[in-house]
Structure formats: C-alpha cells, structure tokens
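Student: Here it is, the structure, as structure tokens.
The values are calculated or read from the model by the stated rules, or taken from the named source; none is laboratory data. The shown structure was predicted, so the numbers you read here are calculated from the model rather than taken from an experiment. Every residue, glycine among them, receives a Cβ derived from its backbone with ideal geometry; neighbour counts consider all protein chains shown.
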Amino acid sequence: QQQVKQSPQSLIVQKGGIPIINCAYENTAFDYFPWYQQFPGKGPALLIAIRPDVSEKKEGRFTISFNKSAKQFSLHIMDSQPGDSATYFCAASYTGATNKLIFGTGTLLAVQP
Amino acid sequence: GAGVSQTPSNKVTEKGKYVELRCDPISGHTALYWYRQSLGQGPEFLIYFQGTGAADDSGLPNDRFFAVRPEGSVSTLKIQRTERGDSAVYLCASSSGQGNIQYFGAGTRLSVL
C-alpha cells in the first residue's frame with residue numbers, strides 16, 4: 001500500500017541547476033513531511049521538513065513547497081553541486097500515533113560538474 | 001555515542017538460519033524504530049518502541065520477525081528461519097520522543113543465500 005508517491009525516479013542536472021523532486025500523498029491525516037538524503041552505504045539523514053500550516057520552508061539551498069489542497073509537496077535544490085548527488089526520499093507521518101515514517105520510493109539525483 | 005550505531009554492518013547467512021541485528025540508539029532517546037529497505041526502494045516501517053515496550057509492531061511481515069528492547073536502550077531485531085526474500089538493509093532510527101526528528105543508523109545489510 002503506497003501512500004506516498006515520488007517522482008521522478010532519477011534526475012540528472014548540471015552544476016548550478018535547480019532539481020525539483022515531487023511527492024504526492026493520500027492520507028489527509030499526515031501532518032509532518034520530511035525530506036531525507038541518503039548517500040551509498042549510509043543511513044538516511046534529515047534535510048528539511050514541513051508541517052501543513054505553511055506553504056513553503058527554506059533552509060539554506062533547500063526549499064520545500066507544500067500544496068495542502070492538492071496533497072502534494074516538492075523539494076527544490078538551489079545552485080546544485082556535485083556533492084548533492086545522492087538519493088532523496090520524501091516521507092510523511094502523523095502526530096499522535098507512532099510517528100512512523102511512510103517513505104516514497106526515492107529519487108536518484110546526479111549533479112554533473 | 002554520537003549517533004545511532006548498528007552492528008554488524010554486513011551479515012551473510014544461509015536460508016533457514018537465525019540472525020540477530022543490533023541497534024544502539026543515541027543516548028537518552030526513548031523512541032526507537034526499525035525499518036527495512038529493499039534495493040531501489042524507500043525504507044519500510046517494521047516496529048516502534050517507546051521505552052522498553054513495542055508500541056507498534058504492525059510492520060513486521062510475519063511471525064519469523066521479532067524485536068526486543070529489554071532495558072529501553074539497545075534493541076535487537078531477530079529473524080528466524082531466514083528466507084532469500086529477507087535480504088535487505090535493515091535500518092534503525094531513534095528519536096528523543098514522539099513527534100521529533102528520527103536519526104538513522106547506517107544499517108545492516110543482510111544477505112540470505
């Protein structure tokens with residue numbers, strides 16, 4: 001049962017470009033939407049997260065855009081660098097339960113020099 | 001320790017054998033999660049501990065899987081009669097409490113031959 005759909009599966013951009021990764025969710029009870037970055041052989045690391053009471057959140061070069069009515073959210077990476085090459089996962093959870101994360105299927109990003 | 005520690009980092013076993021995977025959470029973190037990540041997929045929730053008790057084990061695929069956290073710190077995921085389909089990376093995450101950030105370990109890569 002896939003509750004969070006993520007696209008694209010893979011993405012190639014040039015250095016300085018702005019990759020955009022999209023996610024859509026089904027469960028309207030979700031109230032926490034994090035993005036995780038994972039390098040090969042490592043565990044996922046939290047990049048940035050948003051709650052549905054705001055439409056945008058920015059931390060450094062990373063921005064989340066959130067559309068509650070469409071049940072969609074996206075990650076934008078400004079001025080992308082080769083070191084940003086990794087797999088990115090969106091996720092969702094809801095407060096009051098276990099806060100278990102429901103992950104998307106991931107996007108493999110390659111930033112070419 | 002500074003982060004979530006998982007041992008072993010790699011485990012190769014034969015079909016039908018029993019395995020134990022260990023997770024040392026960040027000191028003081030009361031919440032502990034196990035996830036399973038298959039190749040090319042996002043992590044999937046297995047079980048959640050709050051303190052010593054398993055508050056949510058709804059993600060365990062069948063009764064061959066079991067996890068314990070007897071003293072509210074270290075947790076062990078146990079898999080009986082392993083099958084080739086159990087091959088995956090098993091990730092552990094800890095959090096300081098419900099609703100807070102989950103910090104992941106690097107995982108244990110289990111290969112069942």
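Student: Considering (1) within 14 Å of chain B (Cβ to nearest Cβ); (2) touching a Cys at 6+ places or on another chain (Cβ under 8 Å); (3) of a type in the set (Phe, Trp, Tyr), say which one residue A:73 fails and leave the rest.
Tutor: Only one criterion is unmet by residue A:73, namely (1).
Student: Of the conditions (1) within 10 Å of the chain's Cα centre (by Cα); (2) away from chain A (no Cβ under 14 Å); (3) under 25 Å from residue A:105 (Cβ atoms), residue B:62 clears all except one; give me its number.
Tutor: (1)
So that you can scan it fast, the table gives a plain yes or no per residue for (1) within 15 Å of the chain's Cα centre (by Cα); (2) crowded, with 18+ Cβ neighbours inside 10 Å; (3) among the hydroxyl-bearing types (Ser, Thr, Tyr); (4) within 14 Å of another protein chain (Cβ to nearest Cβ):
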| site | (1), (2), (3), (4) |
| --- | --- |
| B:72 | yes, no, no, no |
| B:75 | yes, yes, yes, no |
| B:78 | yes, no, no, no |
| B:81 | no, no, no, no |
| B:84 | no, no, no, no |
| B:92 | yes, yes, no, yes |
| B:105 | yes, yes, no, yes |
| B:110 | yes, yes, no, no |
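Student: How many residues does segment B:17-65 contain that are assigned to a loop (DSSP other than H, G, I, E, B) and either within 30 Å of residue A:9 (Cα to Cα) or not aliphatic (A, V, I, L, M) (or both)?
Tutor: Qualifying residue count, segment B:17-65: 23.
Student: Quick one: how many residues across segment A:84-101 are farther than 16 Å from residue B:101 by Cβ and either in contact (Cβ under 8 Å) with a residue 12 or more places away in the chain or within 12 Å of the chain's Cα centre (by Cα) (or both)?
Tutor: Step one: list which residues in segment A:84-101 are farther than 16 Å from residue B:101 by Cβ, which gives A:84-88, A:96-97.
Then drop every residue that is not either in contact (Cβ under 8 Å) with a residue 12 or more places away in the chain or within 12 Å of the chain's Cα centre (by Cα) (or both), which leaves A:84-88.
Qualifying residue count for the region: 5.
Student: May I ask you to list the residues in segment A:1-53 that are more than 14 Å from chain B (Cβ to nearest Cβ) and at positive phi?
Tutor: A:16
Student: Quick check on segment A:68-80. Is at least one of its residues over 10 Å from the mean Cα position of the chain (by Cα), of a type in the set (D, E, K, R), at pLDDT 95 or above and part of a strand (DSSP E or B)?
Tutor: Checked against the condition, which is being over 10 Å from the mean Cα position of the chain (by Cα), of a type in the set (D, E, K, R), at pLDDT 95 or above and part of a strand (DSSP E or B), segment A:68-80 yields no hits at all.
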